Amino acid sequence: MMKKARLLILASLFVLVFGGAMSVIAQDRVAGPITTAIRERGSLICGVNKSVRGFGFQNPDTGDFEGFDIDFCRAVAVAILGDPTAVDFRPLNADQRQAAIQTGEIDLMVRNTTWTASRDVDWGAIFGPTNFYDGQGVMTRVDLGVSSIAELDGTTMCVQSGTTTELNITDYISSNGLDIELAVFQDADATWEAYIQGRCESWTTDKSGLAAYRIGNAENPGDHVILPETISKEPLGPLSPQSDPQFAEIVAWTVYGLIQAEESGITSANIDEFLMKEGEAPEEYSRRVSPATQRLLGQNGNVGGGYFTLKPDFMVDVIRAVGNYGEIYERNLAPLGLTRAGSLNDLWTRGGLLYSPPFR
Ligand SMILES: N[C@@H](CCC(=O)N[C@@H](CS)C(=O)NCC(=O)O)C(=O)O
């Protein structure tokens, strides 16, 4: 009896230790269906915006897509395929997002999309790390002389359908007992045009979107003011279908890698200084470059991207191609006047919310 019991315990221990370890290795290193399809196709299908300057914008002269969100699509393409141009951009209006994720017609969406509970569940999405902390605001014409949303009582406000924007403003109007009529449009350009043509006294969206249209689309930006109130939390970030958690890990750790690179002072210009030189002794390299950075960049025998079925040094390629988080922000969002210093979008080391878990 004793012997049997001991054998049983030993056998269960064996299964626990070795079975567990084997399944961890297998799960960690096998590409999921979306990752596999991207490799077979040779491109990433990324759902984006085409009309929001600085974030997701199709240049009318070149037809090229550009912006902050676009660069995150490119970063994931580099992580998996090593090529920032291997992206098939699919412009989506707000209403089209749920179906695009549910049907799996896109691999990834990076389109100023707010992370909410219902989108996790009803859309069947896995949101990656928030890459832009935003909030909803209201823009109005300076000549109205208005300085708060309450003063817009009795007027009409333009808003886009299929957005958290529409839901938040409806809540705000009713909870503040305001009499503001909403005029609803299906895309950003139509909403903006209606506002410019005077069909509404104000329009509302994420403050980043207001800044983009004010700088990029207004004939005279000085004619428009963004009111001081921020009426919601809009954590914007990438999302992908729940059918492939392994792909979602690639997305998440690519975003984290870009944030960590900035924290560690690694840029597209100086990245070579952080790599192990040919013939360099490991002890020598370890005196110049921290173990954490060696792990981030997959140097000196570290697994790096191997956890995600990628090259160990995938982050080297990503940083070379698109820069670190700060470079992406400066290139795309500084021109909109979106000041980063002291904002939620600064690194945690400078009082912001951007924080990468350890690469280990
Ligand atoms: N973050 C909000 C709003 C996102 C959104 O769609 N904003 C509009 C206004 S800036 C937009 O990007 N429209 C682009 C378009 O329809 O082409 C959400 O996730 O619902």
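List of remarks:
- Test result for PRO228, more than 10 Å from the ligand (Cβ to nearest atom), assigned by TED's automatic domain parsing to the domain that holds TYR307 and touching a strand residue (DSSP E or B) at 6+ places or on another chain (Cβ under 9 Å): no
- Only listed residue being surrounded by 15 or more Cβ atoms within 10 Å (Cβ to Cβ) and more than 19 Å from PRO238 (Cβ to Cβ), chosen from THR163, THR155: THR155
- From VAL87, VAL121, residue being more than 13 Å from the ligand (Cβ to nearest atom), among the β-branched types (Val, Ile, Thr) and closer than 17 Å to GLN242 by Cα: VAL121
- Within the range 233-244, the set of residues being crowded, with 20+ Cβ neighbours inside 10 Å and either within 16 Å of the ligand (Cβ to nearest atom) or over 21 Å from the mean Cα position of the chain (by Cα) (or both) comprises GLU234, LEU236, GLY237, PRO238, LEU239, SER240.
- Looking only at residues of the range 102-118 that are buried (at least 22 other Cβ atoms within 10 Å of the Cβ) and closer than 19 Å to ILE80 by Cβ, we find that the one that is nearest to the ligand (Cβ to nearest atom) is MET109.
- Filter pass, SER290 being of a type in the set (Gly, Ala, Ser), under 15 Å from PRO358 (Cβ atoms), surrounded by fewer than 18 Cβ atoms within 10 Å (Cβ to Cβ) and without any contact (Cβ under 8 Å) to a residue 40 or more places away in the chain: yes
- Test result for ASP187, surrounded by fewer than 23 Cβ atoms within 10 Å (Cβ to Cβ), more than 30 Å from ARG295 (Cα to Cα) and modelled with pLDDT under 95: yes
- The residues of the range 316-360 that are surrounded by 18 or more Cβ atoms within 10 Å (Cβ to Cβ), among the charged types (D, E, K, R) and touching a residue at least 24 places away in the same chain (Cβ under 8 Å), listed by number, are ASP317, GLU327.
- The single condition among (1) more than 27 Å from ASP120 (Cβ to Cβ); (2) assigned by TED's automatic domain parsing to the domain that holds ILE106 that PRO241 does not satisfy is (1).
- Taking the range 282-299 as the range and being closer than 18 Å to ILE319 by Cα and polar (S, T, N, Q) as the test, the residues that pass are SER290, THR293, GLN294, GLN299.
- Residues in the range 167-184 that are surrounded by 18 or more Cβ atoms within 10 Å (Cβ to Cβ) and within 13 Å of the ligand (Cβ to nearest atom): ASN168, ILE169.
- Screening ASP143 with (1) over 17 Å from the mean Cα position of the chain (by Cα); (2) within 15 Å of the ligand (Cβ to nearest atom); (3) in a helix (DSSP H, G or I) gives one miss only, at (2).
- Which listed residue, of LEU178, LEU210, LEU182, is farther than 28 Å from GLY104 by Cβ, in contact with a Gly (Cβ under 8 Å, 6 or more places away or on another chain) and modelled with pLDDT of 95 or more: LEU210
- Some residue of the range 123-140 being touching a helix residue (DSSP H, G or I) at 6+ places or on another chain (Cβ under 7 Å), charged (D, E, K, R) and farther than 22 Å from TYR329 by Cα: no
The values are calculated or read from the model by the stated rules, or taken from the named source; none is laboratory data. Keep in mind the model is a prediction, meaning the values are calculated, not measured. Cβ: placed from backbone, ideal geometry, glycine included. Neighbour counts: every protein chain shown.
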